[in-house]
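Here's the structure we're looking at; comments come further down.
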Amino acid sequence: MSRSATATIHLDALRGNLARVRALAGGAKVMAVVKADAYGHGLERCARALAGADAFGVASIADGLRLRAAGQRQRIVVLSGPDAASDLAEMRRLRLEAVIHHDSQLAMLEAERGGEPLKVWLNLDTGMHRLGFAPSRAREIHARLAALPAVDPAIVLMTHFAASDEFGNDLTARQTQAFAAATRDLPGERALANSAALLGWPAALGGAAGAGGSPAARYWVRAGGLLYGLSAVAGKTGADFGFAPAMTLTTRLVAINRIARGERIGYGATWVCPEDMDIGVAAIGYGDGYPRSARSGTPAGVGAAPATVVGRVSMDLLTLDLRRAPGARVGDVVTLWGLGLPVETIAAQAGTIAYELTCGVTRRVLFAEDGG
Ligand SMILES: *Cc1c(COP(=O)(O)O)cnc(C)c1O
């Protein structure tokens with residue numbers, strides 16, 4: 001049996017979303033974050049569609065290598081920088097830029113005996129407490145980096161927000177202020193905003209209450225989710241902000257069975273048929289990345305009709321209530337998320353975020369492109 005689970009990547013949506021990010025960024029430069037295989041959409045194809053960005057952001061040197069091998073000549077920033085001294089030579093060879101967030105990395109750079117100037121992004125921890133130097137050390141670290149002949153003097157200053165998706169949480173404003181205070185006298189570009197900050201926190205782009213009141217041209221936005229049409233804001237979809245989904249996940253109905261009232265569906269026999277009804281079986285499951293945690297009642301589409309997942313999602317298959325899809329036939333296309341069915345809705349039903357679902361589509365799913 002060949003499997004029909006297919007993730008169709010909408011290249012026009014990627015391009016349109018980049019244009020919308022640019023419009024919202026008001027002159028700030030745009031880093032297209034393509035880590036985790038472009039949030040599960042496929043690194044090379046997304047980089048092609050997003051080649052108009054000012055830089056790409058990746059999580060590993062290996063991803064930088066893939067982008068170079070695919071012919072990308074764009075700036076590429078490795079968001080967690082080098083792990084070992086040998087990484088520095090590889091980064092120079094591939095013309096990758098390094099986020100420097102830790103003393104261990106600074107020590108590697110200071111131990112070097114020269115080399116091509118490496119472009120670095122100095123990461124300050126203003127409150128997320130994951131990566132970055134304490135803001136009180138910003139001037140010291142900046143001076144040490146600037147003194148190294150093998151570091152490009154145009155150092156970009158960056159920080160990352162912990163809760164910018166919560167528009168009512170003032171942590172983002174406090175992080176922005178801490179960043180501004182720590183970097184006040186330092187030259188160079190600033191990179192604070194992620195997708196959610198682009199939507200909700202203009203100060204992170206040098207806007208109104210700006211970090212130092214600097215012009216937008218000095219700022220970067222590091223956008224991931226929005227480029228794929230994904231919202232990180234609870235209760236909102238990318239479409240609510242004018243972004244289009246970049247992935248539609250589909251499969252086919254492989255069976256329709258008439259099941260009697262009172263019978264139970266699937267593993268654990270968790271869902272009881274309230275009446276005699278048609279149950280559809282779709283060829284997709286958690287082995288494809290459809291979340292097992294999706295509750296009964298999670299929406300899906302059968303052709304143009306609505307349906308809902310009932311019973312437990314299994315590895316290869318899931319079961320659907322077809323009462324609102326009376327014309328359904330074996331072989332019909334089943335839509336799990338994407339165009340017309342926001343992945344954010346599915347994520348909410350599964351107790352996770354849309355990012356995790358698109359990142360979790362597995363290798364056995366066929367990838368297709370449209371809008372080439
Ligand atoms: C992943 C990541 C981003 C992008 O975040 P989105 O919410 O997807 O826009 C930006 N900056 C850093 C450091 C990241 O790790």
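Write out, first by first residue and then by second, each pair whose Cβ atoms fall under 7 Å of each other, whose residues are 6+ apart or on separate chains, and whose first residue, in region 190-211, is within 14 Å of Ala23 (Cα to Cα) while the second is within 8 Å of the ligand (Cβ to nearest atom) and at pLDDT below 95.
Sorted first by the residue in region 190-211, then by its partner, the pairs are Ser195/Ala232.
Of the numbered conditions (1) within 16 Å of the ligand (Cβ to nearest atom); (2) under 24 Å from Asp83 (Cα atoms); (3) assigned to a loop (DSSP other than H, G, I, E, B), Arg113 satisfies every one except a single condition; which is it?
All conditions pass for Arg113, except number (1).
Would you mind telling me which numbered condition in (1) touching a His at 6+ places or on another chain (Cβ under 6 Å); (2) more than 30 Å from Leu24 (Cα to Cα) Ala246 fails?
Of (1) touching a His at 6+ places or on another chain (Cβ under 6 Å); (2) more than 30 Å from Leu24 (Cα to Cα), only one is false for Ala246: (2).
In this structure, does Ala244 turn out to be surrounded by fewer than 24 Cβ atoms within 10 Å (Cβ to Cβ), part of a loop (DSSP other than H, G, I, E, B), at pLDDT below 95 and not acidic (Asp, Glu)?
Working: surrounded by fewer than 24 Cβ atoms within 10 Å (Cβ to Cβ): yes; part of a loop (DSSP other than H, G, I, E, B): yes; at pLDDT below 95: no; not acidic (Asp, Glu): yes.
No, not satisfied.
Looking only at region 270-298, which residues are in a strand (DSSP E or B) and closer than 17 Å to Ala5 by Cα? Before you say what the answer is, go through the steps one by one.
To start, the set of residues in region 270-298 that are in a strand (DSSP E or B) comprises 271-272, 277-282.
Matches in region 270-298: Gly280, Val281, Ala282.
Restricting attention to region 156-189, which residues are within 30 Å of Arg92 (Cα to Cα), surrounded by fewer than 21 Cβ atoms within 10 Å (Cβ to Cβ) and within 16 Å of the ligand (Cβ to nearest atom)?
Glu189
Only residues that are assigned to a loop (DSSP other than H, G, I, E, B), under 14 Å from Pro299 (Cβ atoms) and not hydrophobic (A, V, I, L, M, F, W, C): list them for region 311-346, please. Full working, then the answer.
We begin by selecting, within region 311-346, every residue assigned to a loop (DSSP other than H, G, I, E, B); these are 311-317, 322-332, 339-340, 342.
From what is left, the residues that are under 14 Å from Pro299 (Cβ atoms) are 313, 322-325, 339-340, 342.
Hits for region 311-346 are Arg323, Arg324, Gly340, Pro342.
Does Val120 satisfy the criteria of being within 15 Å of the ligand (Cβ to nearest atom) and among the β-branched types (Val, Ile, Thr)?
On the way: within 15 Å of the ligand (Cβ to nearest atom): yes; among the β-branched types (Val, Ile, Thr): yes.
Judged against the criteria, Val120 is a match.
So the check is Cβ under 7 Å with 6+ separation or different chains; which pairs have a first residue in region 303-318 that's on the phi > 0 side of the Ramachandran plot and a second one that's among the hydroxyl-bearing types (Ser, Thr, Tyr)?
Correct list of pairs: Gly311/Thr270; Gly311/Ser296; Gly311/Thr319.
Looking only at region 347-372, count every residue that is in a loop (DSSP other than H, G, I, E, B), small (Gly, Ala, Ser) and at negative phi and tell me the total.
Within region 347-372, the subset in a loop (DSSP other than H, G, I, E, B) is 350-353, 360-365, 371-372.
Those left that are additionally small (Gly, Ala, Ser): 350-351, 360, 371-372.
Still in the list and also at negative phi: 350, 360, 372.
Matching residues across region 347-372 total 3.
Between a residue in region 39-64 that is in contact (Cβ under 8 Å) with a residue 24 or more places away in the chain and farther than 23 Å from Gly371 by Cα and any residue that is acidic (Asp, Glu) and away from the ligand (no atom under 15 Å from the Cβ), which pairs come within a Cβ distance under 8 Å, given they are 6 or more apart or on different chains?
Taking only residues 6 or more apart or on different chains, the pairs are Ile61/Asp87; Ile61/Glu90.
What is the residue count in region 25-37 for residues that are under 13 Å from Asp63 (Cα atoms) and either of a type in the set (Phe, Trp, Tyr) or away from the ligand (no atom under 11 Å from the Cβ) (or both)?
Going through region 25-37, the residues under 13 Å from Asp63 (Cα atoms) turn out to be 33-37.
Next cut, either of a type in the set (Phe, Trp, Tyr) or away from the ligand (no atom under 11 Å from the Cβ) (or both) only: 37.
Residues flagged as under 13 Å from Asp63 (Cα atoms) and either of a type in the set (Phe, Trp, Tyr) or away from the ligand (no atom under 11 Å from the Cβ) (or both) within region 25-37 amount to 1.
Which of (1) outside the structural domain of Thr159 (by TED's automatic domain parsing); (2) touching a Phe, Trp or Tyr at 6+ places or on another chain (Cβ under 9 Å); (3) within 16 Å of the ligand (Cβ to nearest atom) does Asp240 not meet, given it meets every other one?
Looking at each condition in turn, Asp240 falls short on (2).
The values are calculated or read from the model by the stated rules, or taken from the named source; none is laboratory data. The structure presented is a predicted model; accordingly, all values stated were derived computationally and were not measured. Glycine also receives a Cβ, built like all others from the backbone with ideal geometry; neighbour counts cover every protein chain displayed.
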